[in-house]
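First the structure, in the form of structure tokens, and then the observations on it.
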Amino acid sequence: MNGGDLVAEVLQRQGVRFLFTLCGGHISPILVGAKQRGIRVVDTRHEVNAVFAADAVARLTGVPGVAAVTAGPGVTNTITAIKNAQLAQSPVVLLGGATATILRGRGALQDIDQISLFAPHVKWATTVARVRDLPAVVEEAFVVAQQGIPGPVFVECPVDLLYDRDTVREMYGAKGSGGKRPTLSQRALSAYLNHHARSLFRGAEGVRFAERLAPAVPEPSARLVRRAARRLQRAERPLLLIGSQALLEPASVDRLVEAVETLQIPTYLTGMARGLLGADHPLQMRHRRRHALREADVVVLAGVVADFRLEYGLQISRRATLISANRSVEDLYKNRRPQIAVAGDPGRFLQALAARTGGRTEAWSEWRGRLRQRDVERNEDIHAQAAATTEEGVNPLAVCEALEARLPGDSMLVVDGGDFVASASYVVQPRRPLSWLDPGAFGTLGVGAGFALGAKLCRPEAEVWIVYGDGSVGYSLPEFDTFVRHEIPVIALVGNDASWQQIARDQIVILGDAVGTELRRTAYHAAAVGFGGAGLEITSTDQIGTRLEEAQRLARQGLPVLVNAQIGATDFRKGSISI
């Protein structure tokens with residue numbers, strides 16, 4: 001058993017089903033060991049997408065997603081995805097290769113200070129010094145990634161800890177031989193290298209493994225739950241906002257839905273919480289959230305931060321009682337101090353709150369009706385705008401409406417883009433809990449292929465769609481090769497307006513120049529075909545429905561598909577830029 005086997009054994013015992021990677025000599029023993037233990041090794045075309053895929057697995061299963069990448073540029077290529085996981089509070093374990101321990105700082109291939117690079121972006125960054133320490137360190141990484149506020153961890157695994165003892169000795173011997181008849185200094189160097197190798201492997205035969213680790217979930221204070229329940233009982237216009245952090249326990253999602261339905265509070269869903277109540281649930285409101293927040297007398301934030309998405313708390317009326325539950329004390333008080341601040345898991349808070357109050361169905365019926373009527377009016381307005389003609393392409397809202405009409409109950413949506421994706425969020429409704437994946441607070445472009453890869457592996461029976469902008473598809477289009485090689489039949493829908501439109505719309509108005517925002521109407525569908533998938537193009541309104549249905553048919557046959565929708569410009573989201 002080599003060091004790679006030790007790491008793979010830990011992964012198997014911790015319930016890891018998929019290991020995402022891009023191959024490299026530094027990490028090969030981990031990949032081989034994982035495959036031998038029945039872990040599916042999925043190699044991507046860029047390391048960042050390996051981590052995005054691991055992130056998606058973590059969000060959907062509650063088990064930390066794992067990626068292994070080679071040293072130097074392999075590791076640095078993951079930084080964006082790691083930072084995205086940190087801000088999205090996703091438990092990801094990144095295993096990074098590293099130069100041999102004996103060669104650190106000596107000019108070895110791909111040798112950089114990886115720990116200092118990662119330290120600001122992870123919960124824990126560490127390197128392993130001896131083979132016998134590999135299992136304990138990787139096990140600790142799983143604990144740290146999940147406990148408290150989840151997040152990514154980085155474990156650096158030097159190459160001479162991963163190969164077997166004889167291979168490492170040969171490696172060291174080759175470095176110190178210097179020729180057929182070594183000199184005294186060369187013999188001394190060889191002796192030193194052999195001593196170092198013995199030190200690395202000392203005690204490796206007696207290592208022990210822990211069984212699957214279950215971190216403690218921070219429980220909300222019963223006293224604060226009682227306070228929140230009393231204030232809620234006096235409310236006339238309560239509002240509930242649920243964010244991604246409330247779904248950190250995927251196994252408890254049914255209990256969370258039951259709690260929301262018990263509370264009977266008008267509810268807005270954000271991030272991973274989209275789809276929690278399915279489509280068209282009477283408690284879920286989708287539009288005019290800003291107006292509702294200004295009118296509400298009690299606002300409950302469950303895993304939602306008062307950051308730029310709530311205009312730093314300014315959207316919430318100063319006259320309202322703010323009740324907030326969050327695992328992060330920093331986020332709990334960010335920009336707006338709640339009257340009732342509950343430091344604990346927001347999902348469990350809502351369950352505890354529901355257990356103390358059955359809601360006030362009749363008392364809040366008029367308030368719910370008022371919000372529902374606004375939703376109806378906004379939907380009618382969007383539908384009218386979707387019927388309008390646009391220059392140089394089809395109406396993007398018409399494309400979104402067609403997707404909404406054809407999306408099956410067993411489906412998942414991965415969204416990766418700016419203007420087209422944001423338009424889709426007004427129209428397309430995820431059908432069930434844990435069926436919406438977006439980057440989160442970092443607003444990262446490029447998550448699409450990696451997220452879809454992880455999602456389809458976790459839910460092979462689901463119809464997985466990536467909704468792309470034509471800007472964002474450029475980040476991960478080569479992963480169609482990955483989809484083909486690993487038989488992952490996802491569907492990508494690209495809104496192609498030959499522009500970074502979300503930026504261009506305001507940049508041109510404010511600064512009078514489109515510099516840097518112009519693209520081409522590239523044949524992305526042809527590129528998908530070149531990678532071995534299927535490609536379709538939409539150039540007229542009458543093609544929209546038939547092309548989407550054809551994409552669904554091809555995906556059912558096992559092919560990944562890209563639909564390149566040539567869309568026109570609209571003013572639907574004018575003035576929507578966020579900073």
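Before moving on, here are some points about what is shown:
- Axis of helix 165-177 versus longest Cα principal axis of the chain: the two differ by about 60°, to the nearest ten degrees.
- Degrees, to the nearest 10: 501-511 long Cα axis against longest axis of the chain: 70
- By the equivalent-ellipsoid construction on the alpha carbon gyration tensor, the range 387-566 comes out with semi-axes of 25, 17, 17 Å, ordered largest to smallest.
- Debye equation applied to the C-alpha atoms of the chain, log10 I(q)/I(0) at 0.06, 0.11, 0.12 Å⁻¹: -0.34, -1.03, -1.18
- Given in Å, the Rg to one decimal and the Dmax to the nearest whole number for the Cα atoms of the range 222-366 are 13.5, 37.
- Proxy reagent accessibility, fewest Cβ within 10 Å first, across 112, 323: 112, 323
- Note on the chain: helix-only mean residue ellipticity at 222 nm, from DSSP H runs of 4+ residues weighted -39500 (n - 2.57) and normalised by residue number, equals -12500 deg cm²/dmol.
- Scattering profile of the range 363-463 at q = 0.14, 0.15, 0.20 Å⁻¹ [log10 I(q)/I(0), Debye over alpha-carbon scatterers]: -0.69, -0.77, -1.11
- Calculated FRET efficiency for the pair residue 405/residue 164, C-beta based, R₀ 45 Å, to 0.05: 0.20
- Count of Lys pairs (Cα-Cα under 21 Å; at least 8 positions apart or interchain) in the chain: 4
- In plain terms, the C-alpha convex hull of the range 3-206 casts an average shadow of 11.3 nm² when viewed from every direction.
- Measuring nothing but how far apart in sequence close Cα pairs (under 8 Å, 6+ apart) lie, relative to its length, the chain scores a relative contact order of 13 percent.
- In this simple spin-label approximation, residue 188 and residue 373 carry label points 7 Å from Cα along the Cα→Cβ vector, and these lie 9.2 nm apart.
- Order of 111, 345 - criterion: other Cβ atoms within 10 Å of each residue's Cβ, fewest first: 111, 345
- Cα-only Debye scattering, the range 296-442: base-10 log of I(q)/I(0) at q = 0.10, 0.17 Å⁻¹: -0.51, -1.25
- For the pair residue 209 and residue 363 in one chain, pulling the backbone fully straight at 0.36 nm per residue adds 49.8 nm over the alpha carbon distance.
- Relative contact order [Cα under 8 Å, 6+ residues apart], the range 387-566, whole percent: 24
- Helix axis angle, 346-356 relative to the chain longest principal axis, alpha carbon, degrees: 50
- Our summary gives the range 3-206 a relative contact order of 20 percent, counting only alpha carbon pairs under 8 angstrom and 6 or more residues apart.
- Going from the fewest other Cβ atoms within 10 Å to the most, the residues 83, 35 appear in the order 35, 83.
- Largest first and in whole Å, the equivalent-ellipsoid semi-axes of the range 332-395 read 39, 20, 12, each the square root of five times a Cα gyration tensor eigenvalue.
- Segment residue 317-residue 195, length gained on full extension (0.36 nm per residue, minus Cα span): 37.0 nm
- Shape analysis of the range 32-124 based on the Cα gyration tensor places the equivalent ellipsoid semi-axes at 23, 17, 11 Å, largest first.
- Fully extended contour minus Cα-Cα distance, from residue 87 to residue 249, at 0.36 nm per residue: 56.6 nm
Each reported figure results from applying straightforward, stated rules to the coordinates on display, with no laboratory input. Everything numeric in this text was worked out from a predicted model, so none of it was measured. Every residue, glycine among them, receives a Cβ derived from its backbone with ideal geometry; neighbour counts consider all protein chains shown.
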